[in-house]
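The values are calculated or read from the model by the stated rules, or taken from the named source; none is laboratory data. For clarity, every value in this text was computed on a predicted model and none was experimentally measured. Reconstructed Cβ throughout: ideal geometry from the backbone, glycine too, with neighbour counts over all protein chains shown. Each accessible area value is taken on the protein alone, full model and side chains, heavy atoms only, with ligands, DNA and RNA left out. Shrake-Rupley method; radii C 1.70, N 1.55, O 1.52, S 1.80 Å.
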Protein chains: 2
Amino acid sequence: MASATGDVVTMDKIVSLARRRGFVFPSSEIYGGLGSAYDYGHYGVLMKNNVKARWFEAMIQERDDIVALDSAIILNPRVWEASGHVEGFSDPLVDCRTCKLRFRADHITDPEHDEVRCGRKPSKRPGETPECDLTEARAFNLMLSTRLGALEETGSVAYLRPETAQGIFVNFKNVLQIARRKPPFGIAQIGKSFRNEITPGNFLFRTREFEQMEMEFFVPPDDAASWFEYWVAERHGWYARYGIRGSHLRVRPHSAEELSHYSSATSDIEYLFPIGWSELEGVANRGDFDLTQHTEHSGTKLEYVGQDGERYVPHVVEPAGGPDRAFLAFMVDAYDEEIVADRPRTVLRLHPRIAPVKAAILPLIGKSEEMVAKARSLTDELRRRYLVEYDDNGAIGRRYRRQDEIGTPWAFTIDEQTLEDETVTVRDRDSLAQQRLPIAGVDRWLGDALERNWRTPKAD
Amino acid sequence: MASATGDVVTMDKIVSLARRRGFVFPSSEIYGGLGSAYDYGHYGVLMKNNVKARWFEAMIQERDDIVALDSAIILNPRVWEASGHVEGFSDPLVDCRTCKLRFRADHITDPEHDEVRCGRKPSKRPGETPECDLTEARAFNLMLSTRLGALEETGSVAYLRPETAQGIFVNFKNVLQIARRKPPFGIAQIGKSFRNEITPGNFLFRTREFEQMEMEFFVPPDDAASWFEYWVAERHGWYARYGIRGSHLRVRPHSAEELSHYSSATSDIEYLFPIGWSELEGVANRGDFDLTQHTEHSGTKLEYVGQDGERYVPHVVEPAGGPDRAFLAFMVDAYDEEIVADRPRTVLRLHPRIAPVKAAILPLIGKSEEMVAKARSLTDELRRRYLVEYDDNGAIGRRYRRQDEIGTPWAFTIDEQTLEDETVTVRDRDSLAQQRLPIAGVDRWLGDALERNWRTPKAD
């Protein structure tokens, strides 16, 4: 996280850049916001779309053994009875009779994790405010509920899903039958989930409304342990492939006390966020818990039956990540400050396939009609395939800095020489090297550059 | 809608194909479903992603004047007071004291629209059941509500957004400042919305949970009328560009009585669904209503101030479509049945950029290791850039039919001649024409085919 100027990347710097360049805004800001809710602005949408597209490619496009799903956010409420969420998806809360604040009981006894998870200032932590007079803990369900039907008072209670995974389990039989699958195979889904966290915080790290990228991989029971190892390595490799430094990633196996009752093994892929090592993605061996629960509650047998009569309940290995948290990690890891020609610059050294804009097209002098026309024409050609940006607003140095701050890997500059020999300058965001290319070859050059195996130039 | 065999495309046929091939399933099916909620299966996700991607390209990638946004689903509740939704977003409902059914009062007096909007069987419509004894109408708010905060009984009420548009209006100032925009410019957003419809129905046409693709275009007041015409034409053209027949599309201007109180003009782009001409997308001239409301309620001036001191509240032109409804229209319009070599085939003549799978790679004889290896190697090459499918399961005729039913435009077949001369056969989904290509040229051929201006071969 140390940048070239020796500074440390703080969450404040990331929040500030995200806001200044329109990646992420506090939600409903003109109405005073809504605690820990955020809206993605232009570059944020482009970049988060890229994060999701890379996950989808890795899960679906590049493989034969995983199919896609997009299940509803509001499912039949019996799904959440079967999954155990109605009964047990809760945090233990305690109230302070003096200061009227409410705390998670497990955070009080586990102060080490407190800053990461709750984001409250330490001065407000019980134990440091000796006058706190705490109640007994009581369970607080984290699911948001609503009522469907014609009148609020008589409508039936339903829940906003707290995870996308259950929408996958209840479609297991559909996929088995219709997609003609046999284990090992997976079902992958991206979508919003909601949790009524009482301690959200740390920017995009923990919010009430968030997206998930979850994949449930169904395997023969005897193979679950080896598939678990496979998916830990695979998901770790995905973050590295798109530019996260190896020294900022680690795998942390859960201790026996941390494990969910249904899981025989879980490992977190952790990232060195500015708030310390924290979960980026969890990979869990869930066993046959989910399919067994839904079989019992629905009366529909969720099992695999082979043509030879072989019959078993598959075990499930689940890599569960989040596009918001991945977005934050990519931003933090890419953030750099350096001195160039005696002036500081801020640059997001994003992987080109994560970067919101692939290239900027800049006519050197905005006033020359001929240069503008050539730049416009190049822009029109490139945007048939790529997200590019035309900019003729301001001094060229300022335009470069703007593109550096949003992480645009390449800038094509149209100058006086272009009018003479039909070449343009391409500037590399990271090395700052410039070279000339024929304008007619830019489209192909950009395509090749995006397909090259790209290595981050950042020190590990 | 008449297919080559003379049959009419019915909603039942679409629902059946969607289920049979894993495009769309009833949600929570093993628990008896949840009225009018659907889960997208593998091909449905791929195709709906394409619909959204084409919209995003047309709005963002191909233009300079629109930026992207992704605002939260749960906004500060004051947003919905300002927008008028808390007060006025309601349907008038009447109850029947005899049969205990509940109806929309406006459907009773407007029976012509009833089947489209409510999907109830005609026999259950009041007026045809003379014993119905109706109550007075009462207002029923369509927003789903929830409670945020630590305890249900004390948490604050919040709403699931009934439209994405308000998330755009409350970010108007952020975009104006940070994206350095001046009118005319637009903000585009894709995302889920929720409406507690008491009469959902007709498959994906009307559901409680649905996605929207909305764009708010901010213009100088005097230009609003011409921009309105521009966006009606532009959006009509988008559906045609991706294969909807001109004879199945029409523009229907709202009558004075239909117009919202704030709108000076609205036109629906209608599609000839199996249920009759129905709204595919609405384009509205919303005037300055929204920005004025939010200025009053938030105390933040939402206006444009030019460098020369020019100052005005922009007017808004809004094209508001839905990926689910567009998905349904693309499916209906592409659906065809014909007789080929004395056997019926069902084919989805989808535009290649809408089709879920771009190409299938089929080794002619699954048992030949050499053919399988060549087909695998071609698959691996193509999937670096395209969503393709390898299939060696079953007779080649059956594999073709399967690809026809999911709308795959091209199939590459590896046969014995491939082993001799390194060529493959490419089969065209629509013409059924076959030609041979060098296997080394398939990647380029497919890229070119996808970029060609593609015209649907369907009779208009």
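Could you compute how fast the protein assembly as shown diffuses translationally, taking Rh as the Kirkwood radius over C-alpha pairs and applying Stokes-Einstein at 25 °C with viscosity 0.890 mPa s? Give it in µm² per second.
83 µm²/s
What gaps in nm, shortest first, separate A:E337 from its twins in the other copies when you place the label 7 Å past Cα toward the beta carbon?
Taking the point 7 Å beyond Cα along Cα→Cβ, the inter-copy spacings are 6.9 nm.
Tell me the Rg and the Dmax, in Å, that the Cα atoms of the stretch A:274-333 produce.
17.9, 54
How large is the Kirkwood hydrodynamic radius of the stretch A:139-288, in angstrom, based on all distinct alpha carbon pairs?
About 17.8 Å for the stretch A:139-288.
What are the nm distances, shortest first, from A:S247 to its equivalents in the other copies, labels at 7 Å along Cα→Cβ?
Spacings between copies for this position, smallest first, are 6.9 nm.
What ratio of Cα Rg to 2.2 N^0.38 Å holds for the stretch B:182-256?
1.37
Please identify every one of the trypsin sites (Lys or Arg not before Pro) in the stretch B:238-282 that sits in a loop by DSSP and has no more than 12 other beta carbons within 10 Å of its own beta carbon.
Those that pass, being in a loop and sparsely packed, number zero.
Work out from phi, with θ = phi - 60° and the Karplus expression 6.51 cos²θ - 1.76 cosθ + 1.60, the ³J(HN,Hα) of each residue of the stretch A:191-202, listed in order in whole Hz, and give x for Gly and Pro.
x, 6, 10, 9, 9, 7, 4, 8, 10, x, x, 6
Whole-Hz Karplus ³J(HN,Hα) for the stretch B:84-100, in order, using 6.51 cos²θ - 1.76 cosθ + 1.60 and θ = phi - 60°, x for Gly and Pro?
Result, rounded to whole Hz: x, 6, 5, 7, x, 8, 9, 9, x, 10, 10, 9, 9, 5, 8, 8, 6.
Over the alpha carbons of chain B, what is the largest minus smallest coordinate on each principal axis, giving the biggest first in Å?
76, 69, 50
How are the alpha carbon pair distances in the stretch A:258-377 distributed across 10 Å bins from zero to the largest one, expressed in percent?
10, 20, 21, 17, 14, 9, 8, 1
Averaged over B:59-70, how many beta carbons belonging to a partner chain fall within 10 Å of each residue's beta carbon?
Mean shielding by partner chains, rounded to a whole number: 5.
Of the listed peptides B:397-404, A:188-195, what is their order by residue-averaged count of other C-beta atoms within 10 Å, with the highest listed first?
A:188-195, B:397-404
Taking the square root of 5 times each eigenvalue of the Cα gyration tensor, what semi-axes in Å does the equivalent ellipsoid of the stretch A:1-91 have, largest first?
Working through the eigenvalues yields semi-axes of 33, 23, 16 Å.
To the nearest 500 deg cm²/dmol, what mean residue ellipticity at 222 nm is calculated for chain A from DSSP H runs of n ≥ 4 alone, each contributing -39,500 (n - 2.57), summed and divided by the residues?
-8500 deg cm²/dmol
Scan the stretch B:256-298 for GluC sites (Glu not before Pro) in coil per DSSP, keeping those whose Cβ has at most 10 other Cβ atoms within 10 Å, and list them by number.
B:E257
Give the Cα extents of the stretch B:136-218 along the principal axes, in whole Å, largest first.
Taking max minus min along each principal axis of the Cα atoms, the stretch B:136-218 gives 48, 39, 26 Å.
Given the rotation that superposes chain A on chain B, what residue of A brings its beta carbon nearest the axis, and what is the distance in Å?
A:T146, 2
Leaving ligands, DNA and RNA out of it, report the carbon-plus-sulfur percent of the accessible area of the stretch A:235-308 at a 1.4 Å probe.
Looking at the stretch A:235-308 in its full context, I get 48 percent from C and S.
If you take the accessible area of B alone plus A alone and subtract the pair, what total do you get in square angstrom, rounded to 100, with a 1.4 Å probe?
About 7100 Å² of accessible surface is lost on pairing.
In terms of modelled amide H atoms, which long-range or inter-chain residues lie less than 5 Å from the amide H of A:E281?
Those qualifying (amide H under 5 Å, at least 5 residues apart or on another chain) are A:I269.
With the alpha-carbon atoms as the only input, what is the per residue convex hull volume for the stretch A:344-427 in Å³?
Normalising the Cα hull of the stretch A:344-427 by residue number yields 84 Å³.
If packing is taken as the mean number of other Cβ atoms within 10 Å per residue, what is the order of A:227-237, A:27-37, highest first?
So the peptides A:227-237, A:27-37, ranked by packing, come out A:27-37, A:227-237.
For peptide A:357-365, how many partner chain Cβ atoms fall within 10 Å of a residue's Cβ, on average?
Mean shielding count: 0.
At B:D428, label 7 Å along Cα→Cβ: distances to the other copies, nm, ascending?
The answer, with the shortest distance listed first, is 4.5 nm.
Return the loop-located GluC sites (Glu not before Pro) in the stretch A:367-460 (DSSP other than H, G, I, E, B) with at most 13 other Cβ atoms within 10 Å of their own Cβ; answer none if there are none.
Those that pass, being in a loop and sparsely packed, are A:E422.
Pop out the Kirkwood hydrodynamic radius of the stretch B:378-460 from its pairwise C-alpha distances, inverse of mean 1/r, in Å to one decimal.
13.8 Å
Within chain A, how many lysine pairs that are 8 or more places apart, or on different chains, have C-alpha atoms less than 18 Å apart?
Close lysine pairs under the 18 Å cut-off: 9.
Which whole number gives the average, over all residues in B:230-240, of C-beta atoms from other chains lying within 10 Å of the residue C-beta?
Per residue, the number of nearby Cβ atoms from other chains is 0 on average.
Rounded to whole Å and sorted largest first, list the principal axis extents of the Cα atoms in the stretch A:304-366.
Per principal axis, max minus min of the Cα coordinates gives 74, 25, 16 Å.
Per the Kirkwood definition applied to all pairs of different Cα atoms, how many angstroms is the hydrodynamic radius of the stretch A:218-326?
It works out to 15.4 Å.
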